[in-house]
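Beneath this line is the structure, given in structure tokens, with notes to follow.
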Number of protein chains: 2
Amino acid sequence: MEYRIGDFALITRLSVKSLRNYHDLELLTPTRIDSENGYRFYDESLISRARIITVLKAWNFSLQEIREILESCSDDHEVIHIIKQKKQEIQTRIKALKSIEGELSLLIENEKENKDMKYKTEIEIKETEELNIISITYKGPFSDCGKYIGKLYKAAKGKAAGKVFSLYSEDVNHDDPEGTVCLPVKKEVEGPGIEYRTIPAGKVISLIHIGPYDTIGNSYQKLVDYRNENSLEQTGPYREIYIKGPGFLFPGNPAKYVSEIQMYIK
Amino acid sequence: MEYRIGDFALITRLSVKSLRNYHDLELLTPTRIDSENGYRFYDESLISRARIITVLKAWNFSLQEIREILESCSDDHEVIHIIKQKKQEIQTRIKALKSIEGELSLLIENEKENKDMKYKTEIEIKETEELNIISITYKGPFSDCGKYIGKLYKAAKGKAAGKVFSLYSEDVNHDDPEGTVCLPVKKEVEGPGIEYRTIPAGKVISLIHIGPYDTIGNSYQKLVDYRNENSLEQTGPYREIYIKGPGFLFPGNPAKYVSEIQMYIK
DNA sequence: CCTTGACCCTCCCTCGGGGGGAGGGTTTTT
DNA sequence: AAAAACCCTCCCCCCGAGGGAGGGTCAAGG
């Protein structure tokens with residue numbers, strides 16, 4: 001029995017367009033072509049070939065690959081090593097997609113956390129916990145900070161365990177400022193120019209600063225005033241925790257940035 | 001600072017071609033175009049935009065989507081629901097790939113099993129185990145068999161637990177043959193026209209038949225002869241187990257088909 | 001016999017995300 | 001002043017189809 005292309009398309013559930021395409025690619029050549037009108041005629045023996053093509057296509061083989069398989073193989077076990085390769089390829093792709101999925105999930109998680117957070121904007125006294133961190137100390141403008149944060153995250157490779165923060169010495173030299181960017185991590189991490197250490201627990205006075213970083217001086221002022229009014233003794237550097245800053249993608253609205261400043265006291 | 005396209009390409013790690021393409025798509029428009037020579041000049045403020053594009057591209061967003069995001073969003077949390085959608089999309093794709101991977105693994109497993117198997121071609125006496133099966137009984141030519149096997153596998157949906165076999169009555173009518181195709185399954189499975197039941201354990205004489213199905217009569221003959229010579233009493237139907245038949249893809253070499261014929265005896 | 005509608009043909013355009021290269025102009029370095 | 005390095009536009013290529021134009025062919029019904 002011979003079928004015209006339309007019927008053959010119905011039988012094989014391939015589109016007429018695809019069938020013509022496969023003909024051009026010599027992937028599925030009609031048994032006969034009418035020399036008068038150019039009509040394609042398909043024998044029923046081609047149905048199984050069409051089935052093979054459909055199956056291989058569903059398995060993500062390209063038409064080119066399918067053609068090679070059909071040319072060189074006549075038995076399942078000759079195909080098996082090609083199939084193994086394809087499986088590997090698919091596994092690789094799954095891995096890549098999973099890693100993207102992971103990143104996206106992380107982002108969504110983070111966003112959720114930040115969403116409805118209310119922040120107290122009064123000075124509080126807190127106990128901080130011990131923290132394993134990696135850090136980079138740098139000199140230069142604050143605007144370089146982002147660069148180092150990137151480095152830290154890269155070095156941490158997913159072992160990050162908290163928000164980034166900076167440490168500033170109590171007696172900072174404003175002409176030649178020095179800062180340390182830190183990232184809490186789960187495990188020890190190594191990297192060029194990266195220091196791993198543990199920050200001890202301690203008592204701090206803390207203040208949430210909402211707004212852009214260039215107005216953060218005011219909040220420092222408040223902390224210092226509070227320290228002086230209450231005759232507290234400062235025992236360590238300032239810690240500036242970036243709770244919500246520029247996003248992953250967009251800088252966002254600086255008026256909504258949230259930072260926490262901590263001053264270590266006795 | 002202004003950069004020419006080549007330098008900007010180095011900075012952003014995008015290709016010159018891509019940059020020109022992004023310009024055409026109004027995705028990343030140069031800050032200035034020299035009206036004399038048409039050179040594109042990129043401001044450093046475009047670097048972050050380029051970074052966003054790179055990141056989104058790595059997350060599998062299309063350029064079109066990226067353009068929409070850049071047009072309508074200025075803050076991470078406005079993008080978050082788009083990202084959620086993308087995550088869903090990626091999960092869907094992972095699922096699809098995993099299902100393909102599963103099928104391929106199954107195939108590879110099967111092939112491995114068949115690979116170096118040696119078969120005894122002498123009559124043996126065996127005890128068979130109890131078996132849960134689904135089955136379809138049909139009348140008509142043996143060649144329809146494949147169709148029903150397909151149905152069984154479809155109905156089993158991965159719950160298949162062994163090789164397909166046929167059951168033939170001891171007193172088959174050769175003019176109007178009736179056969180039952182069976183597939184062992186792990187759990188009960190339902191489907192239209194499909195029967196689920198348990199085949200009891202039993203004693204059988206068994207013979208491996210190697211070669212195409214149309215010569216299988218010889219092997220039946222041998223079994224019957226053996227039964228008669230040893231005065232055994234047949235107590236159930238013939239069971240014809242298809243150990244290695246036409247492959248998933250290709251019919252393969254019929255001379256290498258392997259079947260086992262079992263005859264239930266007391 | 002003619003029309004109508006269902007088929008069929010070839011040829012070209014479109015999608016995405018660029019790469020390769022031709023052909024020609026400009027800038028920078030030697 | 002020449003050579004090398006850049007830049008431009010324009011066109012074709014990849015893949016696996018789908019859409020549609022423009023034209024030929026076949027079967028059924030009036």
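The values are calculated or read from the model by the stated rules, or taken from the named source; none is laboratory data. Please read all numbers here as calculations on a predicted model, not as lab measurements. When we count neighbours, we look across all protein chains shown, and the Cβ atoms used for this are built from the backbone with ideal geometry, even at glycine.
Does region B:56-71 contain at least one residue that is more than 14 Å from DNA strand C (Cβ to nearest atom), over 32 Å from the mean Cα position of the chain (by Cα), of a type in the set (A, V, I, L, M, F, W, C) and not assigned by TED's automatic domain parsing to the domain that holds B:Gly162?
If we filter region B:56-71 for residues that are more than 14 Å from DNA strand C (Cβ to nearest atom), which is where we start, we get B:71.
Those still in the list that are over 32 Å from the mean Cα position of the chain (by Cα) too: B:71.
Filter once more, keeping what is of a type in the set (A, V, I, L, M, F, W, C): none.
No, there is no match, as no residue in region B:56-71 is more than 14 Å from DNA strand C (Cβ to nearest atom), over 32 Å from the mean Cα position of the chain (by Cα), of a type in the set (A, V, I, L, M, F, W, C) and not assigned by TED's automatic domain parsing to the domain that holds B:Gly162.
Is there a residue being within 14 Å of chain B (Cβ to nearest Cβ), of a type in the set (Lys, Arg), within 30 Å of B:Thr92 (Cα to Cα) and surrounded by fewer than 11 Cβ atoms within 10 Å (Cβ to Cβ) anywhere in region A:99-115?
For region A:99-115, residues within 14 Å of chain B (Cβ to nearest Cβ), of a type in the set (Lys, Arg), within 30 Å of B:Thr92 (Cα to Cα) and surrounded by fewer than 11 Cβ atoms within 10 Å (Cβ to Cβ): present.
What's the number of the only condition in (1) among the basic types (Lys, Arg); (2) touching a helix residue (DSSP H, G or I) at 6+ places or on another chain (Cβ under 8 Å); (3) away from DNA strand D (no atom under 12 Å from the Cβ) that A:Arg32 fails to meet?
(2)
Restricting attention to region A:57-72, which residues are more than 13 Å from chain B (Cβ to nearest Cβ) and either more than 25 Å from B:Arg93 (Cα to Cα) or aliphatic (A, V, I, L, M) (or both)?
Matches in region A:57-72: A:Leu63, A:Arg67, A:Glu68.
Please count how many residues of region A:163-189 are in contact (Cβ under 8 Å) with a residue 24 or more places away in the chain, of a type outside the set (A, V, I, L, M) and in a loop (DSSP other than H, G, I, E, B).
Matching residues across region A:163-189 total 8.
If the requirement is being among the charged types (D, E, K, R), in the same structural domain as B:Pro212 (by TED's automatic domain parsing) and buried (at least 16 other Cβ atoms within 10 Å of the Cβ), which of these qualifies: B:Lys139, B:Lys151, B:Lys147?
Working: B:Lys139 fails: buried (at least 16 other Cβ atoms within 10 Å of the Cβ); B:Lys147 fails: buried (at least 16 other Cβ atoms within 10 Å of the Cβ).
The unique qualifying residue is B:Lys151.
Is it the case that some residue within region A:45-56 is part of a helix (DSSP H, G or I), closer than 19 Å to A:Ser18 by Cα, at the interface with chain B (Cβ under 7 Å from one of its Cβ atoms) and β-branched (Val, Ile, Thr)? Give the steps one after another, and end with the answer.
We begin by selecting, within region A:45-56, every residue part of a helix (DSSP H, G or I); these are A:45-56.
Filter once more, so that each one left must be closer than 19 Å to A:Ser18 by Cα: A:45-56.
Now narrow it down to the ones that are at the interface with chain B (Cβ under 7 Å from one of its Cβ atoms): A:52, A:55.
Then drop every residue that is not β-branched (Val, Ile, Thr), which leaves A:52, A:55.
Yes: region A:45-56 contains one or more residues that are part of a helix (DSSP H, G or I), closer than 19 Å to A:Ser18 by Cα, at the interface with chain B (Cβ under 7 Å from one of its Cβ atoms) and β-branched (Val, Ile, Thr).
Would you be able to tell me the number of residues in region A:73-98 that are charged (D, E, K, R), facing chain B (nearest Cβ under 9 Å) and under 16 Å from B:Glu103 (Cβ atoms)? Quick ask: steps written out before the conclusion?
Residues of region A:73-98 that are charged (D, E, K, R), as a first pass: A:75-76, A:78, A:84, A:86-87, A:89, A:93, A:95, A:98.
When the remaining residues are screened for being facing chain B (nearest Cβ under 9 Å), the result is A:75-76, A:78, A:84, A:86-87, A:93, A:98.
Okay, now just the ones that are also under 16 Å from B:Glu103 (Cβ atoms), so A:76, A:84, A:86-87, A:93.
Count: 5.
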